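Q: This is the structure I want to talk about, given as structure tokens.
The values are calculated or read from the model by the stated rules, or taken from the named source; none is laboratory data. Just so it is clear, the structure is predicted and the values come from calculations on it, not from any experiment. Using ideal geometry, Cβ is built from the backbone for each residue, glycine included, and neighbour counts are taken over all protein chains shown.
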Amino acid sequence: MTNFIVQFPLKTEMYQEDILNKRFEIGRKIYNSLVNITQKRYKEMIKTKEYRTLLSSLTGNKKIDKDIWKQINNIRKQYGMSEYSFHEDVKQMQRHFKDNIDSFTAQKIATELWKSYDKLFYGNGKKVYYKKYGSLNTLEGKSNKTGIRFKDDMIVWNGLEIPVVIDYDNYYEYQALQCDICYCRIVRKYVRNKYKFYVQIVFKGNPPVKVDMKTGEIKHYIGQGDVGLDIGTSTIAIASQSDVKILELADKVQNIENQKQNLLRKMDRSRRTINPDNYNENGTIKKQGNKKVIWNKSNHYIKYQNELKELYRKQADIRKYQHECLANYIISLGNKVYVEKMNFLGLQKRAKNTEKNDKGKFKRKKRFGKSLANKAPSMLLTIIDRKLKYFGEELIEINTFEAKASQFNHFDKIYTKKTLSQRWNDFNGIKIQRDLYSAFLIMNISNDLKSFDIDKCNERFENFYRLHNLEVDRLTGKKNLSSIAI
């Protein structure tokens, strides 16, 4: 069953804000205490010869590895490395804070830590981290019956009763509140130099359909037909039978990124001025051995820190809003949305090999970490998949290594490797932008998701080429990203 979330502001008084801030800090300390306990177990577990032997014996074959994974999971359970064990651990801690944190909320804190270990166990994470002061900004329950509850337009939680600001004239909010509630989440955001509090109510089922109150028309709908997406680190190419587009992802985020860079330079200058003894003559930070480096902060530095927090919040909100709008546009083009399976974590990592360019200088090992963090292409795909599921569909991932959309030519059925700098395809005088052509091929994938349907390609190419030329005309003369090459 699908769920959806609606966020409402909380009308808090000063004393209620103090209590909520106290509870967020208690939640952080519970989380860090759990990290402390579980890390000791984890380190003891990875020391054992049996565990290390089992991990090294994994082959990558699912059938062969099935029994090995069972043995590995049994060892993890013996050492208390399971979600249920974490719930038992947090139960002992919660008793000391029962006036502030209920048992369900404490269990959700333990579950959050288990997710970090889950990433660590299956290769997507390197380490489990402690939470810094002020970094825990969400607390949630498990149901609407106990703990954090929404009742009579109020959030009720361990003696707190906070009014929820609801606009009943808003059709979407009114319809959402008619659905059953799964659980509630209290969120703290740093907005304009102060904390503001919100409740995110997780409802069961599909979200209400948004309607234009003036015309009565449905705002967002799902189209019919095939849609191909060629997503990169900063751009996305879209091909359908009704429209062809190549767009920069979250293009309004870059202005805030420039502001962040200027602010970070100010912060660095301020920190160097206040802490000259922490730096070597060449400007690098002095190593203190096992001792922790102590940093003094000026009033200006604290002011810049708060400004930076605000910029991060704005950037995240703008990015999410633009992704939601783009996802609505994509699903309006068709109900069968295809995309290449991408390993964004791999693109984020630094290059391993040290290489030199033609001039003899060392090449940078940095790859696409910064652009992936700013543009968040993976988040866009998650949003598209979520929206499709509301209509009984899902995002379809094609086999990247078998299909090779960037290399294929449907005219002669030949694969040709291309360099990243080669942004245009030339098919006997027909010039087509590389990403748009890849999106067109992905749109015409066969049922096996490994090869392309040549008949579909030939049938749809004339319409695609016409729409392609319209898109190129639209972008000509504009300041586009270098990867678009228009």
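Q: So, in the stretch 119-159, exactly how many residues are of a type outside the set (D, E, K, R) and part of a strand (DSSP E or B)? Outline the logic, then answer.
A: Our first condition is that a residue be of a type outside the set (D, E, K, R); within the stretch 119-159, this holds for 120-125, 128-130, 133-139, 141, 143-144, 146-148, 150, 154-159.
From the residues that got through so far, the ones that are part of a strand (DSSP E or B) too are 138-139, 150, 154-157.
Going through the stretch 119-159 one residue at a time, the tally reaches 7.
Q: Do you know which of the residues in the stretch 1-23 that are of a type in the set (A, V, I, L, M) and over 23 Å from the mean Cα position of the chain (by Cα) is farthest from Asp180 (Cα to Cα)?
A: Met14
Q: Can you pull out every residue in the stretch 204-232 that is crowded, with 20+ Cβ neighbours inside 10 Å and under 23 Å from the mean Cα position of the chain (by Cα)? Outline the logic, then answer.
A: Taking the stretch 204-232 and keeping what is crowded, with 20+ Cβ neighbours inside 10 Å, we get 226-232.
Within the stretch 204-232, Val227, Gly228, Leu229, Asp230, Ile231, Gly232 meet the criteria.
Q: Has the stretch 101-118 got any residue that is crowded, with 16+ Cβ neighbours inside 10 Å, part of a loop (DSSP other than H, G, I, E, B) and touching a residue at least 12 places away in the same chain (Cβ under 8 Å)?
A: Yes, that holds for at least one residue.
Q: Can you tell me which residues in the stretch 55-69 are within 32 Å of the chain's Cα centre (by Cα) and surrounded by 10 or more Cβ atoms within 10 Å (Cβ to Cβ)?
A: Leu55, Leu58, Asp65, Ile68, Trp69
Q: Within the stretch 24-37, count every residue that is surrounded by 14 or more Cβ atoms within 10 Å (Cβ to Cβ) and over 26 Å from the mean Cα position of the chain (by Cα).
A: 3
Q: On the given criteria, is Ala250 more than 28 Å from Ile5 (Cα to Cα), surrounded by 15 or more Cβ atoms within 10 Å (Cβ to Cβ) and small (Gly, Ala, Ser)?
A: Taking the combined requirement at face value, the residue does not satisfy it.
Q: Please go through the stretch 132-154 and pick out each residue that is within 27 Å of the chain's Cα centre (by Cα) and exposed (fewer than 12 other Cβ atoms within 10 Å of the Cβ).
A: Listed by number, the residues that qualify are Lys132, Tyr133, Ser135.
Q: Let me ask something else. Do the conditions hold for Leu441, that is, is it in the same structural domain as Lys336 (by TED's automatic domain parsing), part of a loop (DSSP other than H, G, I, E, B), at pLDDT 85 or above and surrounded by 13 or more Cβ atoms within 10 Å (Cβ to Cβ)?
A: No; evaluated as a whole, the condition is false for this residue.
Q: Considering each residue of the stretch 148-166, count those that are under 16 Å from Gln7 (Cβ atoms) and in contact with a Phe, Trp or Tyr (Cβ under 8 Å, 6 or more places away or on another chain), and give that number.
A: 5
Q: Would a scan of the stretch 366-389 turn up a residue that is at pLDDT below 85 and over 16 Å from the mean Cα position of the chain (by Cα)?
A: yes
Q: Output the qualifying pairs, or none if there are none: Cβ atoms under 6 angstrom, residues six or more apart or on different chains, first residue in the stretch 139-155 and at positive phi, second residue polar (S, T, N, Q) and modelled with pLDDT of 95 or more.
A: Gly147/Thr105
Q: Only one residue in Asn469, Asn447, Asn458 is closer than 19 Å to Gln241 by Cβ, more than 27 Å from the chain's Cα centre (by Cα) and in a loop (DSSP other than H, G, I, E, B). Which one?
A: Residue meeting the stated conditions: Asn447.
Q: Can you find a residue in the stretch 162-173 that is surrounded by fewer than 17 Cβ atoms within 10 Å (Cβ to Cβ), within 23 Å of the chain's Cα centre (by Cα), touching a residue at least 60 places away in the same chain (Cβ under 8 Å) and closer than 17 Å to Gln16 by Cα?
A: Within the stretch 162-173, none of the residues are surrounded by fewer than 17 Cβ atoms within 10 Å (Cβ to Cβ), within 23 Å of the chain's Cα centre (by Cα), touching a residue at least 60 places away in the same chain (Cβ under 8 Å) and closer than 17 Å to Gln16 by Cα.
Q: What strands (runs of 3 or more DSSP E) completely inside the stretch 171-272 contain at least 1 residues that are among the hydroxyl-bearing types (Ser, Thr, Tyr)?
A: The strands (runs of 3 or more DSSP E) meeting that bar are 181-191, 194-204, 235-240.
Q: Let me ask another. Here are Asn193, Asn258: which of them is closer than 30 Å to Arg434 by Cβ, surrounded by fewer than 17 Cβ atoms within 10 Å (Cβ to Cβ) and at pLDDT below 90?
A: That would be Asn258, the only listed residue that is closer than 30 Å to Arg434 by Cβ, surrounded by fewer than 17 Cβ atoms within 10 Å (Cβ to Cβ) and at pLDDT below 90.
Q: Scan the stretch 412-438 for residues that are under 21 Å from Leu481 (Cβ atoms) and either among the aliphatic types (A, V, I, L, M) or part of a strand (DSSP E or B) (or both) and jot them down.
A: Of the residues in the stretch 412-438, the ones under 21 Å from Leu481 (Cβ atoms) are 418-425, 431-438.
Listed by number, the residues that qualify are Leu420, Trp424, Asn425, Lys431, Ile432, Gln433, Leu436.
Q: Inside the stretch 282-327, can you point out the residues that are surrounded by 12 or more Cβ atoms within 10 Å (Cβ to Cβ) and assigned to a loop (DSSP other than H, G, I, E, B)?
A: Correct list: Lys297, Ser298.
Q: Here's something else I'd like to know. Please indicate, with yes or no, whether at least one residue in the stretch 92-106 is modelled with pLDDT of 95 or more and within 23 Å of Pro207 (Cβ to Cβ).
A: no
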